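K.L.:
Structure below; questions to follow.
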Amino acid sequence: MTSYDVTRRELLAGTAVAGVALAGVNLMPEFTSLAAAQDAAPAAAPLDIVLRVNGTEQRLTLDPRTTLLDALREHLHLTGSKKGCGLGQCGACTVLMDGKRVKSCLSLAALAEGREITTIEGLAQSEELHPLQAAFIERDAFQCGYCTPGQIMAGVACIAEGHAGSPQEIRQWMSGNLCRCGAYDHIVAAIQDAAAVSSSVGGG
Amino acid sequence: MTTAIIGKPLSRVDGRQKVTGQATYAAEFDQPNQAYAAVVRSTVAAGRIASIETAESEQAPGIIAVLTHHNAPKLAYAPHKGFTDPVVGERLHVLQDDRVNHQGQPVALVVADTLEQAGHAATLVRVTYAPETGTTDVTRVEPVLPTQQKTDQGSTQPPETRRGDHEKALAGAEVNVDETYVIPRENHNPIEMHATIAAWEGDHLTLWDKSQWVHGVADEIGAVFGIPAENIHVVSPFVGGAFGSALRTWPHVTLAALGARAAGRPVKLMLSRREMYYGVGYRPHTVQRVALGASRDGRLTAILHDGYEETSNYEEFSEALLSASQFLHSCPNVFTRHRIAPMNVHTPTYMRAPGEASGVFALEAAMDELAVALNIDPVELRLRNEPEQDEFKNLPFSSRSTRECYRLAAGRFGWDRRSPEPRSMRDGRLLIGWGMATATYPMNFAPASAMARLLPDGTAEVASAASDMGPGTWTSMTQVAAEALGLPIEQVKFSLGDSRLPKTPPHGGSMTMASVGSAVQAACRKAREDALARGGANDLAAAMRRIGQAVEATADSAPGDASKRFSMHSFGAVFTEVAVDPDLGETRVRRIVGAYGAGRIVNPKTARSQCVGGMIGGIGMALMEHSIVDARNGRVPNANFAEYAVPVHADAPPVMDVIFAEEHDPHVNPLGVKGLGEIAMVGVAPAITNAIFHATGKRIRELPVTPDKLL
């Protein structure tokens, strides 16, 4: 695992070292016990951070508890990245961080400073769709479309990682992205199509 | 003029929006000065709120309001029954009194400036309960007859039906099967969690909501708040899956509107994944006894199908659990009995193929057991019991392609190479099993309206308040409209998902194309005829140029008396191959072939997506899905995607084949469509468990078939 695949546990470890004022903050309100909540300190002061998203620097003042996903959706109104669980279990929030796929619901916005973040909104070159986006339309690789941005971002990474060599390999390396409409068959076909395009133009 | 756009495998008209992140779902309509809400939920299943302490929560940073039953406004809750509400009972009222009816019931609402502040402050509300002994153990509750039962056509029928004398026939049968089948509670789990943004302007309310029925939301919230439904504008252009969970208007929509009123600001409320198990319905736990009697030559002489399902103690939910057993196979003596098990749980609701997914599982599993007992091929057994007409309604079928579906699917599958003995087929150390089942789902058609507006530039705008939770309504309606107008698809813009558009029935029960499609076709034909008449031309473009202004038409569609003359259903056949690891008990589905007689297929591309999606749903039902309910307190300990397993990429079979039998049914509706969304789910689970029996010799009658059950 590279250091970019930030998990919540790693984040907490990292913040302890860095001394960022996160102690006592309730990161997972759903799972906080009553006792833990009673001990919770008041929220830390807002943080001024700069996020680099789709090539543009964005200055934000955020609650330190803000996840990267919520920063994108609630503060930058880049709602292409989807929230499907907030627990890193569904993959709908997948974005690229320095080219690697991460689940943005498990990443704190404050710790994404200095990283190059690419969301679904930044994938197409103006009017021209990324080959995987085009393949998703052609293959009807979605129904409701809600998991689609995460599938596409994960699929772009899957191809770049060299994990799109066969349908079986794609199925394994895409299994972190759930599709409840059941479009898997078509998603795999779309990734194969896009992988063929990218290998024919020499990578990318 | 026909342009033959219906039937073309077109890519989705909203595809570009969906792959670029521009498709906007409920929680994504951010409003100026918007606040955020979080719900505090009960931790007991039954009792009263003894105390509720909000001071600490109110003092947390950014808090705007904390609402409980002490300070929430008393709401009108005027009598209201929507099409998707249970016929008997009364909806859950929120924050109106101290009663707790189920685990996870909302007991307080926190509104704050930010999402983080709301979520944190919700943990600071202290609630104590005076618990009572509730009913939360489905294995111990005594089922009772419901007051009324909804049939697949939405009307009611008695909880017991019979023809002939099943008792005598069962007693005298040459061969019998008598088994009980259990399906646990399952949750819809769409990837988009339910969300509502509510904004008041005086006594007018706008709701951006995840909904399969925008007019249902307006009607219900109007009744709850005691304001005219016309004052409520509901917007829901994209729905991130729902599968039934967004058919009703659940309490969180009321909470969002309450929060917005208390805050005096727009409020966004998105449920957490865990909350999705405590307030947006589920497929109820069912227990079904099926007894079959047959002659040695494989003719059914008796069917007894006796089932019950869980419901809440404030509403009698019921679904068409037993309908298929009344007509799917020919049989002179049939008895069905439907009961309910009221408990301290929140009310279940329709989930993809409600009734049929569960009921046909039991029937088709029992049919497979009968085939084994008779030593007759499972397809042959069904062919020997193919009815000439609907023997329950005594009506001919408007169309029924079961024979063709068996033939097509079996042929594609290679069924004739099946070795009938269990455990007789292997791939290395893996046990291979082939199984099949029949599928059916009613053709539903309810009144709908649509508007078509032709513009002088030769383009058209067509609209109806329909929904698209994924099947492709945006695209298929554009096709229907373009064909009826005689325009290329690029010149037609269809709109949906807004309560200001013409009314439709709920987007469920596979009825959208039959209902809304027929209205769209009628409105478009009317607009075209009007334009040609007024423009005095045979060419629409020339006519519109001459008229120089918009020509608008609205039309309603409604079912005629066809249901008095015909029994109208889709039929299908599902064949599966599984590989079972004899040491690990793990089942992998390797192939699924489904053939469907579903009338006219408007868009074969999106139709295939619906069908493979239903197959994936069926794999989840057969092998994985189970909302565990703690019998002590109604809590769902696996209320998340890590512990409630759904199929992932690696679970999808390498081979998925969908075949549409050619069908022309002039009786069902003007378009000749019978619906696809539900039937795609029906028959998959029994085809898989029948294949597991063939692979292993073990008959698992309680879903899901997890490895422990095969070891």
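Every residue, every condition in (1) assigned to a strand (DSSP E or B); (2) closer than 30 Å to B:D297 by Cα; (3) touching a helix residue (DSSP H, G or I) at 6+ places or on another chain (Cβ under 9 Å); (4) at pLDDT 95 or above, yes or no:
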site	(1), (2), (3), (4)
B:V177	yes, yes, yes, yes
B:E192	no, no, yes, yes
B:I197	yes, no, yes, yes
B:Q212	no, no, no, yes
B:H215	no, no, yes, yes
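K.L.:
Separate question: Restricting to segment B:626-655, what's the tally of residues that are free of Cβ contacts under 8 Å to residues at least 24 places away in the same chain and among the hydrophobic types (A, V, I, L, M, F, W, C)?
P.N.:
Going through segment B:626-655 one residue at a time, the tally reaches 3.
K.L.:
Looking at this structure, is A:E116 modelled with pLDDT of 95 or more, within 9 Å of another protein chain (Cβ to nearest Cβ) and surrounded by fewer than 24 Cβ atoms within 10 Å (Cβ to Cβ)?
P.N.:
no
K.L.:
In segment B:159-168, is there at least one residue being touching a strand residue (DSSP E or B) at 6+ places or on another chain (Cβ under 8 Å), within 30 Å of B:L328 (Cα to Cα), of a type outside the set (D, E, K, R) and part of a helix (DSSP H, G or I)?
P.N.:
So far as segment B:159-168 goes, yes, one or more of its residues are touching a strand residue (DSSP E or B) at 6+ places or on another chain (Cβ under 8 Å), within 30 Å of B:L328 (Cα to Cα), of a type outside the set (D, E, K, R) and part of a helix (DSSP H, G or I).
K.L.:
Is it fair to say B:P378 is touching a Gly at 6+ places or on another chain (Cβ under 6 Å) and under 28 Å from B:G677 (Cβ atoms)?
P.N.:
When the stated conditions are applied, B:P378 does not pass them.
K.L.:
Looking at this structure, is B:I659 of a type in the set (V, I, T), touching a Phe, Trp or Tyr at 6+ places or on another chain (Cβ under 8 Å) and modelled with pLDDT of 95 or more?
P.N.:
yes
K.L.:
Among what's in segment B:294-309 and is surrounded by fewer than 24 Cβ atoms within 10 Å (Cβ to Cβ) and among the charged types (D, E, K, R), pick the residue that is nearest to B:C331 (Cα to Cα).
P.N.:
If we take residues in segment B:294-309 being surrounded by fewer than 24 Cβ atoms within 10 Å (Cβ to Cβ) and among the charged types (D, E, K, R), then B:R299 is nearest to B:C331 (Cα to Cα).
K.L.:
Could we say that B:V125 is more than 14 Å from every other protein chain (Cβ to nearest Cβ) and among the hydrophobic types (A, V, I, L, M, F, W, C) here?
P.N.:
no
K.L.:
Give segment B:638-657 a look and list any residue that's more than 7 Å from chain A (Cβ to nearest Cβ), buried (at least 16 other Cβ atoms within 10 Å of the Cβ) and aliphatic (A, V, I, L, M), or say none.
P.N.:
B:A639, B:A645
K.L.:
List every residue pair whose Cβ atoms lie under 7 Å apart, where the two residues are 6 or more positions apart in sequence or sit on different chains, the first residue falls within segment A:71-94 and is more than 13 Å from A:T119 (Cβ to Cβ) and at pLDDT below 95, and the second residue, located anywhere, is surrounded by fewer than 24 Cβ atoms within 10 Å (Cβ to Cβ) and not polar (S, T, N, Q).
P.N.:
none
K.L.:
Of (1) farther than 30 Å from B:L395 by Cα; (2) among the polar types (S, T, N, Q); (3) surrounded by 19 or more Cβ atoms within 10 Å (Cβ to Cβ), B:Q549 satisfies all except one. Which?
P.N.:
Condition (3) is where B:Q549 drops out.
K.L.:
Scan segment B:179-191 and report the pairs whose first residue is more than 14 Å from chain A (Cβ to nearest Cβ) and crowded, with 23+ Cβ neighbours inside 10 Å and whose second residue is charged (D, E, K, R) and in a loop (DSSP other than H, G, I, E, B), with Cβ atoms within less than 8 Å and a gap of 6+ or a chain change.
P.N.:
Correct list of pairs: B:Y181/B:R701.
K.L.:
Looking at B:T689, is it within 25 Å of A:G91 (Cβ to Cβ), surrounded by 24 or more Cβ atoms within 10 Å (Cβ to Cβ) and at pLDDT 95 or above?
P.N.:
Judged against the criteria, B:T689 is not a match.
K.L.:
Still on this model: Which residue is nearest to B:I659 (Cα to Cα), if the candidates are limited to segment B:386-425 and must be in a loop (DSSP other than H, G, I, E, B) and polar (S, T, N, Q)?
P.N.:
Among those that are in a loop (DSSP other than H, G, I, E, B) and polar (S, T, N, Q), it is B:S401.
K.L.:
Taking the stated definitions as given, is B:S424 in the same structural domain as B:E662 (by TED's automatic domain parsing), of a type in the set (S, T, Y) and closer than 29 Å to B:A173 by Cα?
P.N.:
Answer is no for this residue.
K.L.:
Just a yes or no: is a residue in segment B:565-575 within 14 Å of chain A (Cβ to nearest Cβ), surrounded by fewer than 24 Cβ atoms within 10 Å (Cβ to Cβ) and at pLDDT 95 or above?
P.N.:
No, segment B:565-575 has no match at all.
K.L.:
Every residue in segment A:128-156 that is small (G, A, S) and surrounded by fewer than 22 Cβ atoms within 10 Å (Cβ to Cβ), please.
P.N.:
Correct list: A:A134 only.
K.L.:
Then there's this: Looking at segment B:597-609, which of its residues are within 7 Å of another protein chain (Cβ to nearest Cβ) and either within 17 Å of the chain's Cα centre (by Cα) or aromatic (F, W, Y) (or both)?
P.N.:
B:S609
K.L.:
Could I ask something else about it? Can you name every residue in segment B:110-138 that is farther than 11 Å from B:Y36 by Cα and outside any loop (DSSP other than H, G, I, E, B)?
P.N.:
Listed by number, the residues that qualify are B:H120, B:A121, B:A122, B:R126, B:V127, B:T128, B:Y129, B:A130, B:P131.
K.L.:
Do any helices (runs of 4 or more DSSP H) lying entirely in segment A:139-204 carry at least 3 residues that are more than 12 Å from chain B (Cβ to nearest Cβ), and which ones are they?
P.N.:
Ranges flagged: A:148-160, A:184-200.
The values are calculated or read from the model by the stated rules, or taken from the named source; none is laboratory data. Not measured: the values here are computed from a predicted model. Cβ: placed from backbone, ideal geometry, glycine included. Neighbour counts: every protein chain shown.
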